[in-house]
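Nothing in this text is a laboratory measurement; each read-out follows from the coordinates by a stated rule. Note that this is a predicted model, so its numbers are computed, not measured. Every residue, glycine among them, receives a Cβ derived from its backbone with ideal geometry; neighbour counts consider all protein chains shown.
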Amino acid sequence: MATALDAVGRPATDAPTDLSAAELRRRLDARELSAAEVTEAYLARIAALDPDLRCYITVMADVARAQAAAADDRIARGEAGPLTGIPVALKDNLCTTDADTTAASNILRGFRSPYDATVVTRLRGGGAVFLGKANTDEFAMGSSTENSAFFTTRNPWHTGRVPGGSSGGPAAAVAAGEAALGLGSDTGGSIRQPAGFCGVVGLKPTYGRVSRYGLLAFASSLDQIGPFARTVADAALLLGAIAGQDPMDATSAPEPVPDFAAALAGDADLRGVRIGVAAEYDVDGMEAGVKAAVDAAVGRLADLGAEIVPVRLPHTKYALATYYITAPAEASANLSRYDGVKYGLSVESETLRETYERTRGEGFGAEVKRRIMLGTYALSSGYYDAYYVKAQKVRTLIKRDFDQAFARVDAIVAPTSPTVAFPIGARTDDPYQMYLSDVFTIPANMAGIPGLAVPCGFADGLPVSLQILGKPFDEATILRLGHAYEQSEGWTDRRPDLP
Ligand code: GLN
């Protein structure tokens, strides 16, 4: 049922850097390709493209080559797992013992973690290949990677545009063929929004589905780690590898982890599935091209047999405001650990107090300081009830809206972002405009529910993304819907026109 594609980008080829992780798995197991060959192809593409796109803060070429050699041995022994020999980009807020972890901040420049994040441990154990640490807004605060203390990543579809953020590095790497898969973190949209801007698949799992141990904390009640991929099936594969309870993270959930990849098997018949559409996700400022592509995607889901049901989410309009109380409040507490004493930058001075002040003054960028000040204010005595406690109450109302909607539907669809990727520099002078780019993604974080971003066409030559929200711990359903949609359209077979 493939439809005519806009003349945007180029069709995927047979090059290893164009193939899905599932197809790489098949070819690795059939010995049509070796992990060493796949890794060299990716490293060569990084060497050719990254001086311009700047997806990576650190390229882990030596680590990747050693992991690829080990993966080839493992494949030869017949002991390969789903990700053995598959090249992955890691957002640079995930701790690794064999490469620096900076969160794109001067305060952590050159910092080497003494331990791996749990997701990193799991991928290592599964034989994945780490290509490098990918760019992000400083401490994951932002929507464009322009808050990185090091450099801005460029959007592979249009190098004058942002890749989105904060996980713009891994999103752009997967889109550009500089990684087969990526891991990011999503506190208010930082996986889904850059996935949307870069035309790839991104998934924020249910809060608690994936261990946060070894993720540099931004807002601990909202942060979740999740996959970037070029297909929904690949995202399912990566989620399966990282999901599950972890004794090192008390908020990781004991819920059993289903076989997400198996949930995609079978045909694309969506009869019997009820999909909610909420008028609250139709806001002023939404671009016409985005609305048209998302409306067409909803129509396609109906063609596949799904029943489209109007739902109401009346408190969703408060999500952005309550997020900008809750997230900075938690961030101000989490970032107090960067004090010039324990680790990272230390600007030693006469007194301890001066050391704190100068280290933090020089080490943090403007947006991080803005968040720390907002958060400290919201938590200060006299204002705590008026801001922080009130935001928590509204958060409960937002969650309740979703509970009520999900009593009637299996999933809710919405745009991922109100606009396509905006020009570099367009929003840097206006934090509020920057914050608005997450208006559709933040509600899922406030409610703790999973959200999947799937490419759904192009507007003005740039990717548009459909967001599919699910019930808590029901990633399987949104993956199934995303996969059915993707199979019926073929947007994910397009690649940006890069050399
Ligand atoms: N853009 C949002 C923020 O700046 C979300 C970031 C994120 O999800 N890490 O807070």
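Counting beta carbons within 10 Å around each of ILE424, ILE468, ILE308 and listing the fewest first gives the order ILE308, ILE424, ILE468.
Rounded to the nearest 0.05, what FRET efficiency is calculated for VAL341 and ASP73 with R0 set to 56 Å and r the Cβ-Cβ distance?
On the way: r = 44 Å, r/R0 = 0.78.
For R0 = 56 Å, the calculated efficiency reads 0.80.
By its C-alpha gyration tensor, with a ≥ b ≥ c as the square roots of the eigenvalues, how is region 9-92 shaped: rounded for a/c under 1.5, else prolate for a/b larger than b/c, else oblate? Walk me through the numbers on the way to the answer.
Numbers: a/c = 2.20, a/b = 1.37, b/c = 1.61.
Oblate shape, in that a/c is at least 1.5 and b/c is the bigger or equal ratio.
State the volume of the convex hull built on the alpha-carbon positions of region 9-52, expressed per residue in Å³ and rounded to an integer.
Roughly 72 Å³ of hull volume per residue.
One Cα centroid belongs to region 286-330, the other to region 365-385; the line between them spans 29 Å. With the simple spin-label model, which puts each label point 7 Å out from Cα in the Cβ direction, the ARG400 to ASP497 separation comes to 5.3 nm. What percentages make up the Cα-Cα pair-distance distribution of region 358-499 when the bins are 10 Å wide from 0? Calculated over all Cα pairs of region 358-499, the distribution is 10, 27, 30, 23, 9, 1 percent. Note on TYR383 and LYS291: their simple-model spin labels are 3.7 nm apart, each label 7 Å out from Cα toward Cβ. Summary of packing: across the peptides 75-87, 294-306, 384-396, 222-234, the per-residue average of other C-beta atoms within 10 Å ranks them, highest first, as 222-234, 75-87, 294-306, 384-396.
Where both residues lie in region 30-175, what percent of DSSP beta bridges are antiparallel, nearest 5? Before the final figure, lay out the partial values.
On the way: 4 of 9 bridges.
In region 30-175, DSSP labels about 45 percent of beta bridges as antiparallel.
Test of understanding: what is the full-extension gain from ALA265 to ALA333, defined as 0.36 nm times their sequence separation minus their Cα-Cα distance? Write down the numbers at each step before the final one.
Numbers: separation 68, 0.36 × 68 = 24.48 nm, distance 4.41 nm.
Computed gain between ALA265 and ALA333 is 20.1 nm.
How do the peptides 480-487, 357-364, 456-463, 439-446 rank, highest first, by the average count of neighbouring beta carbon atoms within 10 Å per residue?
Numbers: 480-487: 24.4, 357-364: 17.5, 456-463: 21.5, 439-446: 28.5.
Packing order, densest peptide first, comes out as 439-446, 480-487, 456-463, 357-364.
Counting only DSSP beta bridges with both residues in the chain, the antiparallel share comes to about 65 percent. The distance linking region 206-246 with region 392-408 is 22 Å (Cα centroid to Cα centroid, whole angstrom). A Förster radius of 56 Å, combined with the Cβ-Cβ distance separating THR97 from GLU307, puts the computed FRET efficiency at roughly 0.65. Each pair of Cα atoms in region 394-470 enters the Kirkwood radius, and Stokes-Einstein at 4 °C and 1.567 mPa s then converts it into a translational diffusion coefficient of 93 µm²/s.
What is the local net charge at ALA195, summed over the other residues whose Cβ is closer than 14 Å to its Cβ (Lys, Arg +1; Asp, Glu -1)?
0
For region 100-194, just say rounded, prolate or oblate: build the C-alpha gyration tensor, square-root its eigenvalues into a ≥ b ≥ c, call rounded for a/c under 1.5, and beyond that prolate if a/b exceeds b/c, oblate if not. It is oblate, given that a/c is not under 1.5 and a/b is not larger than b/c. Determine the shape class of region 252-343: with a ≥ b ≥ c the square roots of the Cα gyration tensor eigenvalues, call it rounded for a/c under 1.5, and otherwise prolate if a/b is greater than b/c, oblate otherwise. Oblate. Distance check, please: which entries in LYS91/LYS204; LYS342/LYS390; LYS317/LYS393; LYS317/LYS390; LYS317/LYS399; LYS204/LYS471 exceed 24 angstrom between their Cα atoms? Violating the 24 Å limit, Cα to Cα: LYS342/LYS390. Mean 1/r over all different Cα pairs, inverted: what Kirkwood radius does the chain give, in Å? Value: 22.3 Å, from the Cα pair sum. Remark: relative contact order (the chain) = 19 percent; criterion is Cα-Cα distance under 8 angstrom and separation of 6 or more residues.
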